[in-house]
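The block underneath contains the structure these notes are about, expressed in structure tokens.
The values are calculated or read from the model by the stated rules, or taken from the named source; none is laboratory data. What you see is a predicted model; the values in this text were computed from it and never measured. Cβ atoms come from the backbone with ideal geometry, glycine included; neighbour counts cover every protein chain shown. Each accessible area value is taken on the protein alone, full model and side chains, heavy atoms only, with ligands, DNA and RNA left out. Shrake-Rupley method; radii C 1.70, N 1.55, O 1.52, S 1.80 Å.
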Amino acid sequence: MMDLSQPPSGGANHPFPNDRRTSPRYAYQRKALCQPCPLAPSLSPKGEKADNVWLMGASQDLSASGIGFVLHRRFDPGTLLTIELERPQRDDWGLLPARVMHVTAQADGNWKHGCALVNVMSPEDLHGWIKGQESKVAALR
């Protein structure tokens, strides 16, 4: 079982050596669906309804306070997203509201989004998400 009380070791062998987060991130490669959060009806211009289109992407990493994922579309920093993320059991999904903090173009034309979670996860919640990922994280060290 992965020890979540200690961050992954730093240095050149750390999976994310330039990490500046207060919460350690863990490799988490699963399917991710996302869409911009709809505005409250009172804030939506002319009472327009939000588009119900979900975009498919892939998560890269997860921490108690954020998520990194790759998507073919770019969302601007500050955009509030609803992310539906596949759990390790692959038959269960969970919703994570998050705000885009930074976006990086990828060589293949996709975009890596770094997002801050609206609600920080407890260590227990994070462990529930990354359960089953221990072998992938160990392989990155």
field: Candidate set from the stretch 79-121 (those that are within 15 Å of Gln29 (Cα to Cα) and hydrophobic (A, V, I, L, M, F, W, C)); member that is surrounded by the most Cβ atoms within 10 Å (Cβ to Cβ)
entry: Ile83
query: Of the conditions (1) closer than 19 Å to Asn119 by Cβ; (2) out of contact with any helix residue (DSSP H, G or I) (no Cβ under 9 Å at 6 or more places or on another chain); (3) modelled with pLDDT under 95, Leu80 fails just one. Which one is it?
result: (3)
- prompt: Restricting attention to the stretch 64-88, which residues are among the small types (Gly, Ala, Ser), in contact with a strand residue (DSSP E or B) (Cβ under 7 Å, 6 or more places away or on another chain) and in contact (Cβ under 8 Å) with a residue 40 or more places away in the chain?
  reply: Ser65, Gly66, Gly68
- prompt: What residue, among those in the stretch 60-78 that are open to solvent by 10 Å² or more (accessible area, probe 1.4 Å) and not in a strand (DSSP E or B), is nearest to Tyr28 (Cα to Cα)?
  reply: Ala64
query: Do we have any residue at all in the stretch 42-59 that's part of a loop (DSSP other than H, G, I, E, B), at positive phi, surrounded by fewer than 19 Cβ atoms within 10 Å (Cβ to Cβ) and modelled with pLDDT under 60?
result: no
query: Looking at (1) out of contact with any helix residue (DSSP H, G or I) (no Cβ under 9 Å at 6 or more places or on another chain); (2) in a loop (DSSP other than H, G, I, E, B), which is the one condition that is false for Pro88?
result: (1)
query: Just one of the numbered conditions (1) modelled with pLDDT of 95 or more; (2) within 23 Å of Asp125 (Cβ to Cβ) is not true of Trp93; which one?
result: (1)
